[in-house]
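To start, I am sharing the structure in question, which I have written as structure tokens.
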Amino acid sequence: GVTRLLLTRIPFFKEIIVSSFACDSCSWSNTEIQSAGRIQEQGVRYTLAVTSRQDMNREVVKTDCATARIPELDFEIPAFTQKGVLTTIEGIIDRAIAGLEQDQPVRRATDEEVASKIDEFIGKLKQLKEVHSPFTFIIDDPSGNSFVENPHAPRKDDALVVTHYRRTPRQAAVLGLELDEKPADSTDDLRNEVLQFNTNCPECNAPANTNMKLVQIPHFKEVIIMATNCDSCGHRTNEVKSGGAIEPQGTRITLRITDPSDMTRDILKSETCSVEIPELEFELGMGALGGKFTTLEGLLKDIRDLVERNPFTLGDSSAPSKTEKLQEFIGKLQEVQGKTKAHFIMDDPAGNSYLQNVYAPEEDPELKVERYERTFEQNEDLGLNDMKTEGYESEGASGR
């Protein structure tokens with residue numbers, strides 16, 4: 001047979017290798033994907049409530065290190081038991097059924113009881129495809145390179161919950177990552193110093209340098225700006241990390257865009273911040289686009305680029321209705337950057353995001369900053385519920 005390889009770039013996943021095999025003799029064919037990009041900084045977990053046949057057609061990118069689960073059946077496809085695939089939810093269930101049926105003739109001859117139980121379970125999987133009752137589909141990928149389609153893009157999908165998390169040392173070891181925990185230098189003042197360390201370019205993997213600088217934002221706090229320039233391919237990227245602690249309360253910032261000059265306002269969007277534009281029915285979840293220190297115009301441009309490169313609206317297989325919706329959204333987004341009035345909302349449970357007040361130190365009539373108490377779920381996402389900062393020394397001593 002013939003195997004065809006294609007190196008392509010998909011937004012959200014960097015680069016992947018798509019391989020396709022076809023045999024002319026028996027007409028057997030197979031496709032799989034392999035990640036050609038770097039492992040993401042955080043793992044990702046997609047939880048989808050499947051309620052209709054349309055949900056079974058959602059496209060899924062599942063890497064070989066991802067785990068797929070259906071809690072209602074106590075069913076799990078462990079990591080590294082299947083190759084990476086670009087398929088649908090129905091396709092993942094079909095692969096599982098085919099894998100279970102493969103050795104059934106041998107089992108019926110050697111252990112009829114086990115074979116009957118597996119036949120019963122296969123029947124339950126086939127019933128799932130008809131969606132007679134709702135069920136939950138979960139993909140957990142420590143590498144952060146899996147994806148589940150949102151058919152309502154660019155609007156929020158209420159049936160799909162996306163959670164980003166920090167990998168455990170065991171998950172990092174499974175992915176082949178070596179974590180060097182070195183004590184931090186006790187330097188008192190880094191404001192006037194640019195730190196530089198060696199890394200690889202995320203585009204061409206050539207050796208490059210990353211510069212890191214501690215910056216004080218007026219009327220706010222300190223942030224860490226990291227910038228990477230590649231001399232080989234010319235790729236440039238920058239990222240912003242919060243230099244301070246998580247605030248006692250979350251922050252919700254609402255800006256009423258009334259003038260084109262609002263596009264020049266400085267913005268610090270942390271990794272935990274979500275963005276919403278009610279007039280466009282648009283919501284960008286936390287973790288998307290990462291941390292950024294830019295202007296309002298620059299952030300809207302990044303949002304437009306993110307929407308335009310949606311992997312499920314490109315190519316011949318894209319649905320015309322989805323493409324039309326995204327083009328309509330992009331047109332409205334450009335109008336907001338020009339003359340249309342709209343509300344721009346930043347919601348950061350960690351309180352580490354910032355939007356410039358051009359009237360500082362006076363109050364801005366178009367800018368509203370609200371402080372609120374975080375919910376239990378928000379504290380859980382930030383890892384605060386299990387964090388103990390007082391009395392842990394005495395508790396540790398008594399335990400010894």
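Okay, residues lined up against (1) at pLDDT below 90; (2) not hydrophobic (A, V, I, L, M, F, W, C):
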| position | (1), (2) |
| --- | --- |
| Met56 | no, no |
| Ile70 | no, no |
| Val85 | yes, no |
| Pro105 | yes, yes |
| Ala109 | yes, no |
| Ser143 | yes, yes |
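Out of region 310-351, which residues are open to solvent by less than 20 Å² (accessible area, probe 1.4 Å) and modelled with pLDDT of 85 or more?
Hits for region 310-351 are Ala342, Phe344, Ile345, Met346, Asp348, Pro349, Ala350, Gly351.
Which residues, taken from region 42-97, are hydrophobic (A, V, I, L, M, F, W, C) and open to solvent by 60 Å² or more (accessible area, probe 1.4 Å)?
Phe80, Leu86
Shifting gears a bit: For region 153-169, state whether one or more residues are open to solvent by 80 Å² or more (accessible area, probe 1.4 Å) and over 24 Å from the mean Cα position of the chain (by Cα).
Within region 153-169, none of the residues are open to solvent by 80 Å² or more (accessible area, probe 1.4 Å) and over 24 Å from the mean Cα position of the chain (by Cα).
Additional query: What is the number of the single condition among (1) assigned to a helix (DSSP H, G or I); (2) free of Cβ contacts under 8 Å to residues at least 60 places away in the same chain that Val85 does not meet?
(1)
If the requirement is being over 27 Å from Thr168 (Cβ atoms) and not in a strand (DSSP E or B), which of these qualifies: Ser19, Ser27?
Ser27
Filter the strands (runs of 3 or more DSSP E) completely within region 190-308 down to those with at least 3 residues that are open to solvent by less than 50 Å² (accessible area, probe 1.4 Å).
Once the strands (runs of 3 or more DSSP E) in region 190-308 are filtered for at least 3 residues that are open to solvent by less than 50 Å² (accessible area, probe 1.4 Å), what remains is 207-216, 222-229, 236-242, 250-257, 266-269, 274-277, 292-295.
Scan region 122-137 for residues that are assigned to a helix (DSSP H, G or I) and open to solvent by less than 60 Å² (accessible area, probe 1.4 Å) and jot them down.
Ile122, Gly123, Leu125, Leu128, Lys129
Filter region 138-167 down to the residues that are of a type in the set (Ser, Thr, Tyr), within 16 Å of Leu48 (Cβ to Cβ) and outside any loop (DSSP other than H, G, I, E, B) and list them by number.
Thr163
Could you give every pair whose Cβ atoms fall below 9 Å, whose first residue belongs to region 108-121 and is open to solvent by 100 Å² or more (accessible area, probe 1.4 Å), and whose second residue is in a helix (DSSP H, G or I) and among the charged types (D, E, K, R), counting only separations of at least 6 or pairs across chains?
Arg108/Asp119
The values are calculated or read from the model by the stated rules, or taken from the named source; none is laboratory data. Predicted, not measured: the structure shown is a model, and the values here were computed from it. A quick note on method: Cβ atoms are made from the backbone with ideal geometry, for glycine too, and the neighbour counts reach across all protein chains shown. The area values use the complete protein model at the heavy-atom level, side chains included, leaving out ligands, DNA and RNA. Shrake-Rupley method; radii C 1.70, N 1.55, O 1.52, S 1.80 Å.
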